[in-house]
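The values are calculated or read from the model by the stated rules, or taken from the named source; none is laboratory data. A quick note: this is a predicted structure, and the numbers were derived from the prediction, not measured. Neighbour counts are summed over all protein chains in view; Cβ atoms, including those assigned to glycine, are modelled from backbone coordinates with ideal geometry.
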Amino acid sequence: MRFVHGALTDVGRGRPANEDQYLVDPDAGLFAVADGMGGHRAGEVASATAIATLRQAFDAGSPLDEAIRDANAAVFAQAEANVDMRGMGTTLTAAVLVDGRIARLGHVGDSRAYLMRDGGVTQVTDDHSLVEQLVREGSLAPEDAVNHPQRAVITRALGIDPDVEVDLYDIDLRPGDRIVLCSDGLSNMVADEGIAAVLAAQRHPQQAAAALVEAALEAGGDDNVTVVVIDALGDVTAEASAASLALGAQRRVDEPTGEWVAFTEGEADEADEAEEAEETTTPEERQASAEPSPAPAAPHAGTEPTPAHRKARARRILAWVLPVILLLGAGVALVGWYARRTYYVGLHGDGVALYRGQPGGVLGWDPTVEEEGDLAASELTPADREGLAEGHRFSDRNDAVRFLERLERRYDGRGGSGSLTPTGASTSTTRGGR
Ligand code: MG
């Protein structure tokens, strides 16, 4: 069978950020949708971590359920290690094409997989949500589930516990089958009949994904919405098989001792190019592509990536590297600003000086002398010397200058005694010498 795919994600109309992530890796035959949750944007971290770990584990030869449990462990460890990320989690619904004829689904959470066959659409996965559990147990009517206030409560997710139970489903594919993975941003906004109508109207998987996202947005777009569509097109002919070898689009999947699955991109090449460009906009692609994936051990010549693939890969790596460089630059600038924004009066060798910066410096930003004073450290009272050794800090340069002047005036005029503290403009008069 040949496979073509489409995918799209959208932040929606009610959320400040997109915590959904998707993965499409037709070479590996791996597809996934993850919907993250957690404060301080931890949801984005959860879904990105899950997708990246899934891909890594799968590339390393782990079976799908094991790869999903690895993803769970990675999200859990990150949440444990970082206070801001406590309680974060993510759904994960993944599909692997095994042997070119089976779609194996691995599933945790309330994202969904649908199968469209012979014009009918069925939900393959069970939602791990409170509402769906109540419906399954018979204590809630399906029609009351649709707008239930606790719709968002999920009963199983990655990152919550050290281990997680993964639901697995195998679908024996037939030519013409279409598999849809989606986040609840679609299924909560568009009823199953609506989803079926859109899928029936759209022949190309990319257009189908885009039309489903559009339908969710038109229905209000309350949540992030993500859709991945995979079409099984027909039997692999000898000719197409040869073509796939020439393309190098062949990859071992699932079991270390496993099978080979052949993909031909054929007439969908052009559409896939467009999809590839679009995929570079999703964070998980940036993250995932930055990690070296093991080369397929294809025993055939001609498995070099095409220039188009190399270009796409370079673009993806650039899309990942550039934001990191910009972030690092912003971090350095921020530390510099913090380190240099204050002034202080302190000891300078055997004298006293006005400095810019923080006493002792901050992460390599050392204070600099702005003005040397006329006082010698040896003239100072022990109290003043102690205070100056620590440094008297000011957010305004003029205040620091005035403090230094007052200090000098006091030692000039009265022969020096008492101490001076920088608590206000009137300090020198109220706390002068005896
Ligand atoms: Mg959601």
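Data table
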read-out	value
Index of the failed condition, GLU132 passing every other in (1) acidic (Asp, Glu); (2) closer than 20 Å to PHE3 by Cβ; (3) surrounded by 17 or more Cβ atoms within 10 Å (Cβ to Cβ); (4) without any contact (Cβ under 8 Å) to a residue 60 or more places away in the chain	(2)
In the range 66-91, the residues that are in contact (Cβ under 8 Å) with a residue 24 or more places away in the chain, surrounded by fewer than 22 Cβ atoms within 10 Å (Cβ to Cβ) and small (Gly, Ala, Ser)	ALA73, ALA74, GLY87
Scan of the range 349-368 for residues that are of a type outside the set (D, E, K, R), surrounded by 14 or more Cβ atoms within 10 Å (Cβ to Cβ) and within 19 Å of ASN398 (Cα to Cα), ordered by number	VAL352, ALA353, LEU354, TYR355, GLY357, GLN358, PRO359, PRO367
Unique match (being within 31 Å of the chain's Cα centre (by Cα) and either at pLDDT 70 or above or closer than 28 Å to ALA46 by Cα (or both)) among PRO367, PRO359, PRO292, PRO305	PRO292
Residue that is part of a strand (DSSP E or B) and within 16 Å of the ligand (Cβ to nearest atom), where the choices are VAL96, VAL4, VAL33	VAL33
Positions within the range 330-346 being farther than 15 Å from ASP366 by Cβ and surrounded by 14 or more Cβ atoms within 10 Å (Cβ to Cβ), in sequence order	VAL345
Count - residues of the range 163-205 that are assigned to a loop (DSSP other than H, G, I, E, B) and either of a type in the set (S, T, N, Q) or away from the ligand (no atom under 16 Å from the Cβ) (or both)	15
Top-ranked residue of the range 38-65 - restricted to ones that are touching a residue at least 12 places away in the same chain (Cβ under 8 Å) and in a loop (DSSP other than H, G, I, E, B), ranked as nearest to the chain's Cα centre (by Cα)	ARG41
